[in-house]
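The values are calculated or read from the model by the stated rules, or taken from the named source; none is laboratory data. Everything numeric here is computed off the predicted structure, so don't read it as measured data. As a convention, Cβ positions derive from the backbone with ideal geometry for all residues, glycine included, and neighbour counts pool all protein chains shown. These accessible areas exclude ligands, DNA and RNA; they are computed on the full protein's heavy atoms, side chains included. Shrake-Rupley method; radii C 1.70, N 1.55, O 1.52, S 1.80 Å.
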Amino acid sequence: MPDSRKLISHLLDDVAPFIVRRQETVGLPTAIPRLTVWTSTCATLPTPALFEPMFYAVLRGTKVLIMGANRFELPAGACAASSFGLPYTHQLTGATRDLPYVGISFHLDIGMLTRVMLDMPKRGDRWTCAVAADDLNGPVGEAFARLVGLLNAPDDIDMLAPHYEAELYYRLLQGPMGNTLRQIGQRNERFQQLKTAADWLAANHSEPVVIPDLAASAGMSVTSFHRHFKAVTGYSPLAFKRHMRLLEARKLLAAGAANVSRVAYEVGYLSPSQFSREYKSMFGNAPIADLQR
């Protein structure tokens, strides 16, 4: 525990220039590619978003991640990793103006991660939930601290960041979250079939879905497909699709779409009133309110 507190203290010192004392959640990119510092001075309501393949560490406060049936509570000193994009709801707690929430996200370089994995001794393929959580300590914490510490040596980032990133992937693959990250490059047929189905649902959110056909394309019965899809993503296939189409709708509204009905039809809804109900249930605001904002 003392070593863990020391590691968190060093990381907080490294990202201190990026801590913004605002009530809304603020994410500031850093000079290290794909590394962002997140801060907030107050607790937040549950907010839907997309958890892309990334590594995330909490340095102060608590972040709660809910992905369908899966719930992860990440206090200070905890971290999580995802092997592919999943819709999720996140909420921050324990943040004040004097002690704002601080987290760091690091989007994964899939090509580099796969190369590191292929250079390591082969392990038996295992499939598991697409998100995993652990404590930020030991070799993983030390490797991450070396990478983040380059913020204090900007002239060294171009040369050293790729090496420190590769070390971080190596340590992650060796640790408790390794099975989740190995799913990115392993050849487990069942997992790849489920990922293909999830990718199709995400890319074709406006298309009608016939679950028996989707299950058949994955080489599974409908019952087996439902069970395994939920085990990996935390969602039923239809709930996964609904979350993805509503996230797309919110992007369209934020981009200044013409009107709510047009957005509803564009993301695949046949009824604008049903779209408005489900949108408000997920985001807390009616779509017209978000469009006007």
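Structure notes:
- Filter result for residue 254 (out of contact with any His (no Cβ under 7 Å at 6 or more places or on another chain), within 28 Å of residue 184 (Cα to Cα), modelled with pLDDT under 90 and of a type in the set (A, V, I, L, M)): no
- Among all positions in region 222-244, there is at least one residue which is at negative phi, more than 24 Å from the chain's Cα centre (by Cα) and open to solvent by 30 Å² or more (accessible area, probe 1.4 Å).
- Some residue of region 64-86 being open to solvent by less than 50 Å² (accessible area, probe 1.4 Å), at negative phi and charged (D, E, K, R): no
- Residues of region 267-278 include at least one that is assigned to a helix (DSSP H, G or I) and among the basic types (Lys, Arg).
- Any hit, region 221-232, residues being in a helix (DSSP H, G or I), touching a residue at least 24 places away in the same chain (Cβ under 8 Å) and hydroxyl-bearing (Ser, Thr, Tyr): no
- Restricting attention to region 160-198 and to residues that are under 30 Å from residue 268 (Cβ atoms) and open to solvent by 70 Å² or more (accessible area, probe 1.4 Å), the residue that is modelled with the lowest pLDDT turns out to be 189.
- Test for residue 190: is it in a helix (DSSP H, G or I), out of contact with any Leu (no Cβ under 9 Å at 6 or more places or on another chain) and basic (Lys, Arg): yes
- Qualifying residue in region 193-207 (condition: over 27 Å from residue 109 (Cβ atoms) and either touching a residue at least 24 places away in the same chain (Cβ under 8 Å) or outside any helix (DSSP H, G or I) (or both)): yes
- Hits in region 211-221 (condition: within 27 Å of the chain's Cα centre (by Cα) and either open to solvent by 60 Å² or more (accessible area, probe 1.4 Å) or modelled with pLDDT of 90 or more (or both)): 217
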